[in-house]
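Peer 1: Quick one: structure below, then a few questions.
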Amino acid sequence: MDLGYTPSFFWDLSLQEVYDLIESNQRVKEREAEKEIYELKTKLISNSVLARQVAENVACIFSKDAKVTDIYDLMPELFKEEREEAQRKIAENQWQLHKARFMAYSEEYNNRRKEE
């Protein structure tokens, strides 16, 4: 009855079927326990990362040498794709900046040559 079966259903089962239902219920409970442990570990890791970030940010208030760890470095396997995308954007921005500086330099150089 605790497993959600009616008495008539139970009495219609063979002994092997009763054993199978009991084993199935045990497997379900084991999976639920594993899921709870996984969720607890996830919360502990998350709280640890949060505590570290808070400590680093407080340290920045009191010391100019303190650095805040980037989120990509805290959990690199979780943010692998985002980190690669961020690095691509940084490289693209640096290239655009370099290109703009070079164009400004070449324009000024050409203007000076025209004046001569």
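The values are calculated or read from the model by the stated rules, or taken from the named source; none is laboratory data. These numbers were taken from a predicted model, which means no experiment stands behind them. Cβ atoms come from the backbone with ideal geometry, glycine included; neighbour counts cover every protein chain shown.
Peer 1: Considering only segment 69-116, state which residues are among the small types (G, A, S) and closer than 30 Å to V54 by Cα.
Peer 2: Result: A86, A91.
Peer 1: Of the residues in segment 30-65, how many are within 24 Å of P76 (Cβ to Cβ) and of a type in the set (F, W, Y)?
Peer 2: The qualifying residues number 1.
Peer 1: Sort out which residues of segment 10-25 are out of contact with any Phe, Trp or Tyr (no Cβ under 8 Å at 6 or more places or on another chain) and part of a helix (DSSP H, G or I), and write them in order of number.
Peer 2: Result: F10, W11, D12, L15, Q16, E17, Y19, D20, I22, E23, S24, N25.
Peer 1: Return yes when L3 is without any contact (Cβ under 8 Å) to a residue 24 or more places away in the chain, outside any helix (DSSP H, G or I) and more than 30 Å from L78 (Cβ to Cβ) and no when it is not.
Peer 2: yes
Peer 1: For segment 50-80, which positions are surrounded by 10 or more Cβ atoms within 10 Å (Cβ to Cβ) and at pLDDT 90 or above?
Peer 2: Selection gives L50, A51, R52, Q53, V54, A55, E56, N57, V58, A59, C60.
Peer 1: Can you tell me which of V68, V28, V58, V49 is part of a helix (DSSP H, G or I) and within 18 Å of the chain's Cα centre (by Cα)?
Peer 2: V49
Peer 1: Moving to a separate point now. Across segment 104-116, which residue is surrounded by the fewest Cβ atoms within 10 Å (Cβ to Cβ) among those that are of a type in the set (D, E) and part of a helix (DSSP H, G or I)?
Peer 2: E115
Peer 1: Give the residue, chosen from R83, R101, that is exposed (fewer than 11 other Cβ atoms within 10 Å of the Cβ) and either without any contact (Cβ under 8 Å) to a residue 40 or more places away in the chain or outside any helix (DSSP H, G or I) (or both).
Peer 2: Going through R83, R101 in turn, just one is exposed (fewer than 11 other Cβ atoms within 10 Å of the Cβ) and either without any contact (Cβ under 8 Å) to a residue 40 or more places away in the chain or outside any helix (DSSP H, G or I) (or both): R101.
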